[in-house]
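The values are calculated or read from the model by the stated rules, or taken from the named source; none is laboratory data. Note that the coordinates shown come from a computational prediction; the quantities given were computed from them, not determined experimentally. With ideal geometry, Cβ positions are generated from the backbone for all residues, glycine too; neighbour counts draw on all protein chains shown. In case anyone asks, the SASA skips ligands and DNA or RNA and just uses the protein heavy atoms, side chains included. Shrake-Rupley method; radii C 1.70, N 1.55, O 1.52, S 1.80 Å.
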Amino acid sequence: MTHHIAFYGKGGVGKTTLVTNISASLVEACFEVMVVGCDPKGDSTALLNNSIKIPSVLEQIRNHTDLTLDSLVHKGFKGITCVELGDPTSSATCASAEISRAINELKRLQVFEQINPDFVLYDISGENSFAALHAVIRQVEISRLCVVTNADFKALQTANDVFGFLEQYNSEHETPILMGGLILNSISSSFEEAFVNDFSFHTNARTIGKVPRSLVVRQSELYGQTVIESIPKSNQSYYYRRLANQIVDTTNTIYSGNMPQPMSVERLRAWSLEWAERIYALENGLVSDGASI
Ligand SMILES: Nc1ncnc2c1ncn2[C@@H]1O[C@H](COP(=O)(O)OP(=O)(O)O)[C@@H](O)[C@H]1O
Ligand SMILES: [Mg+2]
């Protein structure tokens with residue numbers, strides 16, 4: 001059985017880095033893996049191909065290329081199947097239609113059946129509001145949605161918006177989208193960890209994996225490779241492998257029913273003010289609730 005897993009979050013939080021490193025960890029563990037890039041930049045699979053961008057599905061549709069399995073998919077690190085949907089070049093509504101069309105081509109050519117992967121990981125851009133996420137959800141049955149964030153408040157706001165989207169979507173559809181977990185990326189201090197943990201607590205979001213900020217990620221990016229490929233024995237590789245294990249576990253267990261609840265605009269505002277006060281106390285050496293982080 002193929003599990004389709006979507007990764008979503010604000011631009012720059014580290015989705016592509018996570019998706020490629022998790023894929024590399026899964027392929028090392030002998031799973032058949034496919035990565036589908038749903039980002040107009042078309043760079044989701046570059047780290048699996050020595051930094052080389054592959055021709056996207058939309059590009060080939062626009063150039064009237066004869067679409068075949070071989071023209072759409074490219075084999076990357078240890079045989080990972082790589083696909084880039086490409087740049088929709090239009091507004092949100094049309095972007096969703098264009099991305100749907102690209103996925104439809106994959107379905108028409110029976111790419112999923114022929115490759116028969118254990119996992120398909122979708123690296124979904126947070127640009128165009130929810131257009132790309134909508135398109136993927138409409139076209140494929142997503143087993144789990146993983147939301148990626150770092151400790152920037154704007155990234156947490158986006159995560160909160162995704163929880164709102166999920167709540168709305170699940171109230172309107174018979175088959176709900178299940179939450180795979182909130183992934184905390186690029187954590188560099190106990191303050192950041194406490195901040196994001198508190199966000200998870202207030203939104204009832206289950207956290208899977210905390211990935212530290214590390215220079216080896218930048219180093220590997222400069223090599224044009226994943227950390228798993230370039231520095232397989234690093235601590236950072238261990239975090240990615242652990243996360244890959246957790247993802248295998250969550251997809252294999254019966255869903256626990258834990259759904260995140262978004263904070264209302266007012267609640268989020270009050271929560272952010274509480275944290276602003278804590279930072280003030282921390283900076284000024286005051287003894288107050290939560291300032292010991
Ligand atoms: N854990 C990390 N430690 C250090 N740098 C990171 C980490 N995760 C991502 N980055 C860096 O942050 C930048 C954005 O990451 P990327 O995966 O491209 O984000 P996204 O796909 O969400 O836009 C990249 O330069 C990447 O190397
Ligand atoms: Mg990206």
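Points worth noting:
- Cα lying deepest toward the dipole's positive end in the range 3-262, options 176, 86, 45, charges on Cβ: 45
- Computed over protein heavy atoms with a 1.4 angstrom probe, the accessible surface ordering of 201, 195, largest first, is 201, 195.
- For the chain, the Kirkwood hydrodynamic radius comes to 19.7 Å, computed from all pairs of different C-alpha atoms.
- Largest to smallest accessible area among 30, 38 [probe 1.4 Å]: 30, 38
- Taking 87, 198, 66 in turn, the Gaussian network model of the chain (Cα-Cα springs below 10 Å) assigns the largest fluctuation to 66.
- Here the chain exposes an accessible surface that is 50 percent carbon and sulfur, computed with a 1.4 Å probe and the other protein chains kept in place.
- Counting charges near residue 7 (Lys, Arg +1; Asp, Glu -1) among other residues having Cβ under 13 Å from its Cβ returns a value of +1.
- The chain, dipole about Cα centre (Lys/Arg Cβ +1, Asp/Glu Cβ -1), debye to the nearest 20: 400
- Probing with 1.4 Å while keeping every protein chain in the model, the per residue accessible area of the chain equals 46 Å².
- Couplings 3J(HN,Hα) of the range 270-282, computed from phi: 5, 5, 5, 5, 4, 6, 4, 5, 5, 5, 4, 5, 5 Hz, in residue order, whole Hz [Karplus 6.51 cos²θ - 1.76 cosθ + 1.60, θ = phi - 60°; x for Gly and Pro].
- Near residue 158, once Lys and Arg are set to +1 and Asp and Glu to -1 for all other residues with Cβ below 12 Å from its Cβ, the sum equals 0.
- Using a probe of 1.4 Å, the accessible surface attributed to residue 100 totals some 10 Å² when neighbouring protein chains are kept in position.
- Solvent exposure of residue 202, expressed as accessible area, is near 60 Å², computed with a probe of 1.4 Å over the protein chains only.
- Residues residue 31 and residue 235, FRET efficiency given R0 of 25 Å [Cβ-Cβ distance, rounded to 0.05]: 0.65
- 53, 233, ranked by accessible area, largest first (probe 1.4 Å): 233, 53
- Most to least packed among 68-75, 144-151 [average Cβ atoms within 10 Å]: 144-151, 68-75
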